[in-house]
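Nothing in this text is a laboratory measurement; each read-out follows from the coordinates by a stated rule. Given the structure is predicted, the values throughout are model-derived calculations rather than measurements. As a convention, Cβ positions derive from the backbone with ideal geometry for all residues, glycine included, and neighbour counts pool all protein chains shown.
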Amino acid sequence: MTNEGFGQAIRDLRDLVHFARRSWGATGVAAMGMSLGGYTVALLGTVDAELDFVAPTIPLASLADAARD
């Protein structure tokens, strides 16, 4: 079931990218996601050549350690 879920998510995101270009006249479209969203936009970036930029990110494991560093 997970494969079908990601397939639908990618289809929906591709439709959104095409809609932004057609309806809003967007000249550049980027996608950013964190954690599972990061995985999803990375997958989107592999299948949609029209995407201009992809930024998958991961959350900090410990905000205290990051602040100290």
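Just one of Thr57, Thr27 is touching a strand residue (DSSP E or B) at 6+ places or on another chain (Cβ under 8 Å) and hydroxyl-bearing (Ser, Thr, Tyr); which is it? It is Thr57. Quick check: is even one residue across the range 59-68 more than 21 Å from Asn3 (Cβ to Cβ), of a type in the set (Gly, Ala, Ser) and touching a Phe, Trp or Tyr at 6+ places or on another chain (Cβ under 9 Å)? The answer is no, given that none of the residues of the range 59-68 is more than 21 Å from Asn3 (Cβ to Cβ), of a type in the set (Gly, Ala, Ser) and touching a Phe, Trp or Tyr at 6+ places or on another chain (Cβ under 9 Å). Suppose we filter the range 17-50 for residues that are within 22 Å of Glu4 (Cβ to Cβ), surrounded by 13 or more Cβ atoms within 10 Å (Cβ to Cβ) and not polar (S, T, N, Q); how many remain? So the answer is 13.
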